[in-house]
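Undergrad: Take a look at the following structure, please.
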Amino acid sequence: MSETVKKIGLGSLVLMIFSSIFGFSNSLTAFYQMGYASIIWYIVTAILFFLPSALMFAEYGASFKAAKGGIFSWLRGSIGEKPAFVGTFIWLAAWVVWLVSSTQFFLVSVSTMISGQDKTQTWHLFSLSANQTLGVLEIIFLVVVTAIASKGVNKIAEISSICGVFTLGIAALFILASLVLWAMNHGTLAEPITAMNLIKSPNHDFQSPIAIISFVVYALFAYGGLETMAGVIDSVHKPEKTFPRALIIAMVIMTLLYVLSILVCGVSANWSSILGKKNVNLANVEYVLINNLGLTIGANFGMSHSGALMLGRIFSQITALSDVFGGLGAAFVMVYSPVKSFIEGCDPRLLPKKLTKINKHNMPAFAMWIQAAIVSIIIFFISFGGDAANQFYTVLTDMMNVSSSAPYLFLVGAFPYFKMKKDLDRPFVFYKNMTWTWIVSIVVWLVIAVGIIFTCVEPILEGQYSTAFWTAFGPVLFGVVAWIYYTVSEKRHVLD
């Protein structure tokens, strides 16, 4: 007997979406890469990818509200089980690799929260090196998250809702603090807004057409992950209404927060003097900007230099606290939703019986623990394997870059075929005209495809041929493995 599951409401679902997808640091990184010029690309990406795809996913989710397989069920109900198996397997493989990297980022946030800066390289357990210590801690974190998540979707919803509040809150606090500083400076900006810097990046690395298009890909990834929420749709209260509303609400708020956060970065930070330094990079730019905001506010309030430094450190620690909660929220959803979509979506005859077993909390616990074991083995190998392991991790990361977006080609490409199905109940319909459906689907599909192509081409232009190969080969490899596995299983069951 499965336990009674409390249904997820609109507010909780919106917060779950936020904790899983919205990245406050994305907007600060965007300002570092493109300055104010990033705003137009975030808006373009929202219009050409995020808005139309969110409405597609809302239609999928409302029509397949009773299906437990998430995006697997969406694809299977639109284009058949075999391509659904291949597309979802590529998607799942990308999220498994994401779990490896997310555990590392989580510990960096924990360190910054405690000490005001990243000191993970000074951590040691017993006689282990820093990297080995981090590997052990990452595995412990993953095991704890999996153990709690396997106790049911109620636990995930509660934790993700709390984390979503923190994720939303830090963005609101950053914007509010920046607006206070802006008012104190009588409307003067550290980085002035001009017609030129609204279209041209101050960063020399993002001024060529290829580099700009690669930034569009980055903006697309900043909105990615919306489809992961399909894994919880069967636990949502009145999903045919709640799921589309939550997607649209989260989409609008997320886009506005991204744009506003990028805009207010220029209140306290002059790009050339704060970000145009060699010691600023993608890994630390979030804390550089936050620390600078605290320093600037402290100076404007007449604090001593040491007092302003302390305020900057406190700002960094508060942001890191938010990142810790954001990382927690994402981890709890991601150890559950992708694997649930895959396990519950496909024909149970294709997988070992133990893998498809659901526990009393209505969770695919065994599959989740298998996933945790695979991720833990990868983490252990990377942490204890030396240079060869680091090279392996680089390959994995390169493979994930395109693999994480390739499934969108399946989801968007399948949408017109989903619309042509005659036997579906459609409680939410946005695309009412097939001609318009085809036009929007083709445009969104091409945006994704062009992004993927340029992601693969850019390292070739920079002479990084190994990166280019693994970036392009990743989804191909995962897809071939899935195709072969499905074909063999299919033939075996036909013979039975």
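Undergrad: Just wondering, is there one or more residues in region 97-115 that are part of a helix (DSSP H, G or I) and under 30 Å from Arg426 (Cβ atoms)?
TA: no
Undergrad: On to the next question. Just give me the residues in region 128-155 being farther than 19 Å from Phe325 by Cα, among the hydroxyl-bearing types (Ser, Thr, Tyr) and not in a loop (DSSP other than H, G, I, E, B), in sequence order.
TA: Correct list: Thr133 only.
Undergrad: To continue, here is another question. Name the residue, out of Gly87, Gly80, that is under 30 Å from Tyr417 (Cβ atoms) and surrounded by fewer than 17 Cβ atoms within 10 Å (Cβ to Cβ).
TA: Just one listed residue meets the conditions, Gly80.
Undergrad: Please verify whether Ala299 is in contact with a Leu (Cβ under 6 Å, 6 or more places away or on another chain) and part of a helix (DSSP H, G or I), treating the condition exactly as stated.
TA: no
Undergrad: Within region 341-392, which residues are among the hydroxyl-bearing types (Ser, Thr, Tyr) and at pLDDT 85 or above?
TA: Selection gives Ser376 alone.
Undergrad: Out of all the residues in region 287-302, which are farther than 17 Å from Thr112 by Cα and either hydroxyl-bearing (Ser, Thr, Tyr) or surrounded by 23 or more Cβ atoms within 10 Å (Cβ to Cβ) (or both)?
TA: Answer for region 287-302, where residues must be farther than 17 Å from Thr112 by Cα and either hydroxyl-bearing (Ser, Thr, Tyr) or surrounded by 23 or more Cβ atoms within 10 Å (Cβ to Cβ) (or both): just Thr296.
Undergrad: Residue under question is Val440, and the condition is that it be at pLDDT 85 or above, in contact with a Leu (Cβ under 6 Å, 6 or more places away or on another chain), open to solvent by less than 50 Å² (accessible area, probe 1.4 Å) and part of a helix (DSSP H, G or I); does it hold?
TA: Answer is no for this residue.
Undergrad: Kindly provide the set of residues from region 180-215 that are open to solvent by 60 Å² or more (accessible area, probe 1.4 Å) and small (Gly, Ala, Ser), ordered by number.
TA: Hits for region 180-215 are Ala183, Ala195.
Undergrad: Please find, among Val252, Val217, Val259, Val264, the residue that is β-branched (Val, Ile, Thr) and modelled with pLDDT under 80.
TA: After ruling out the rest, the residue left standing is Val217.
Undergrad: Cβ-Cβ under 6 Å, sequence separation 6+ or interchain: first residue in region 184-202 and of a type in the set (Val, Ile, Thr), partner surrounded by 13 or more Cβ atoms within 10 Å (Cβ to Cβ). Which pairs?
TA: Ile199/Ala37
Undergrad: Which one is modelled with the lowest pLDDT among residues in region 116-127 that are in a helix (DSSP H, G or I) and open to solvent by 30 Å² or more (accessible area, probe 1.4 Å)?
TA: My answer is Gln121.
Undergrad: Which of the following residues is assigned to a helix (DSSP H, G or I), within 24 Å of the chain's Cα centre (by Cα) and over 24 Å from Ile21 (Cα atoms): Ile274, Ile210?
TA: Ile210
Undergrad: Continuing with this model, one more query. Could you list, in sequence order, the residues of region 306-323 that are surrounded by fewer than 21 Cβ atoms within 10 Å (Cβ to Cβ) and out of contact with any Leu (no Cβ under 9 Å at 6 or more places or on another chain)?
TA: Scanning region 306-323 gives Ser306, Gly307, Met310, Arg313, Ile314, Gln317, Leu321.
Undergrad: Let me ask something else about it. Being aliphatic (A, V, I, L, M), assigned to a helix (DSSP H, G or I) and either open to solvent by 10 Å² or more (accessible area, probe 1.4 Å) or under 18 Å from Leu168 (Cβ atoms) (or both) is the requirement here; does Leu260 meet it?
TA: When the stated conditions are applied, Leu260 passes them.
Undergrad: Considering only residues of region 128-138 that are among the aliphatic types (A, V, I, L, M) and either in contact with an Asp or Glu (Cβ under 6 Å, 6 or more places away or on another chain) or surrounded by fewer than 20 Cβ atoms within 10 Å (Cβ to Cβ) (or both), which is farthest from Ser337 (Cα to Cα)?
TA: Ranking the qualifying residues of region 128-138, first place goes to Leu128.
Undergrad: On to the next question. Taking Arg349 as meeting all but one of (1) more than 18 Å from the chain's Cα centre (by Cα); (2) within 27 Å of Gly224 (Cα to Cα); (3) part of a helix (DSSP H, G or I); (4) not hydroxyl-bearing (Ser, Thr, Tyr), write down the number of the exception.
TA: Of (1) more than 18 Å from the chain's Cα centre (by Cα); (2) within 27 Å of Gly224 (Cα to Cα); (3) part of a helix (DSSP H, G or I); (4) not hydroxyl-bearing (Ser, Thr, Tyr), only one is false for Arg349: (2).
Undergrad: Next question, about the same structure. Yes or no: Gly152 surrounded by 20 or more Cβ atoms within 10 Å (Cβ to Cβ), at positive phi and touching a residue at least 60 places away in the same chain (Cβ under 8 Å)?
TA: The answer is yes for Gly152.
The values are calculated or read from the model by the stated rules, or taken from the named source; none is laboratory data. Quantities reported herein were computed from a predicted structural model and do not represent experimental measurements. Every residue, glycine among them, receives a Cβ derived from its backbone with ideal geometry; neighbour counts consider all protein chains shown. Heads up: the accessible areas ignore ligands, DNA and RNA and are worked out on the full protein's heavy atoms, side chains in. Shrake-Rupley method; radii C 1.70, N 1.55, O 1.52, S 1.80 Å.
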